[in-house]
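**Student:** Let me begin by handing over the structure; questions about it come next.
Nothing in this text is a laboratory measurement; each read-out follows from the coordinates by a stated rule. As the structure is a computational prediction, the values presented were derived from the model and not from experiment. Don't worry about glycine lacking a Cβ; one is built from the backbone with ideal geometry, like all the others, and counts go over all protein chains shown.
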Amino acid sequence: MLKKRILRIVDANFNRLKEALRVVEDIFRFIYEDDKLRKKTRELRHVLDVLLAEKIFNEAILERNSIGDLGKKVDVLELNKKDLSDILFANLQRAKESSRVLEEILKITFSAKVSVLKKVRYDIYDLEKEAYKYKRR
């Protein structure tokens, strides 16, 4: 039973990480038209795509429980965005948090890929620093 719950954590955070990076990529692409940051974000997403071939991520999908998920309701704080900069930085934060959760959980379930996720997390830190020029622009 515990393994199934751990796999749900992996699935939820992997999805959250990929979704957040897609939002960031599209903001760089369509709003700020910053091809350098768009490409960096896209490369991070493609690193994650490689992980999808791993057995644990396929097992995790099978444990998904979208209907019974306790956290699926919209939180009022999620609606508290004033502009695109808020959305950009909220999604960068979401990506950092999700990559950290995956890094920690995979230490006990799939330690061979921890270093990949740690690198992704540090690359997101760098991306956030470079994106800071768009803060409240």
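**Student:** Tell me which of L92, L102, Y125 sits at the most positive position along the dipole axis of the stretch 2-132, charges placed on C-beta atoms (Lys, Arg +1; Asp, Glu -1).
**Tutor:** Positive-most Cα among the choices belongs to L102.
**Student:** While we're here: Which of L51, T41, L17 sits closest to the plus end of the dipole of the stretch 2-132, meaning its Cα is farthest towards the positive end, when Lys and Arg get +1 and Asp and Glu get -1 on the C-beta?
**Tutor:** The Cα lying farthest towards the positive end belongs to L51.
**Student:** Relative to the Cα centre, what is the charge dipole magnitude of the stretch 2-132, using +1 at the beta carbon of each Lys and Arg, -1 at the beta carbon of each Asp and Glu, and rounding to the nearest 20 debye?
**Tutor:** Details: 29 positive and 24 negative charges, 94 e Å.
Rounded to the nearest 20 debye, it is 440 debye.
**Student:** Run down the lysines and flag those whose C-alpha is under 20 Å from the C-alpha of K113, throwing out any fewer than 8 positions away in its chain.
**Tutor:** Answer for K113, where 20 Å is the Cα cut-off: K3, K4, K18, K55, K96, listed by chain and number.
**Student:** What net charge do the residues around S115 carry, taking every other residue with its C-beta under 15 Å from that of S115, with Lys and Arg at +1 and Asp and Glu at -1?
**Tutor:** After counting each charged neighbour, the total is +2.
**Student:** Distance check, please: which entries in K82/K118; K82/K133; K39/K73; K39/K118; K36/K107; K40/K135 exceed 22 angstrom between their Cα atoms?
**Tutor:** Flagged as over cut-off: K82/K118; K39/K73; K36/K107.
**Student:** Tell me the label-point distance for the pair E54, K107, using the 7 Å Cα-to-Cβ offset, in nm and rounded to one decimal.
**Tutor:** For E54 paired with K107, the spin-label model returns 1.5 nm.
**Student:** Another question, then. Going by a ≥ b ≥ c, the root eigenvalues of the Cα gyration tensor, does the chain fall in the rounded group (a/c under 1.5), the prolate group (a/b larger than b/c) or the oblate group?
**Tutor:** oblate
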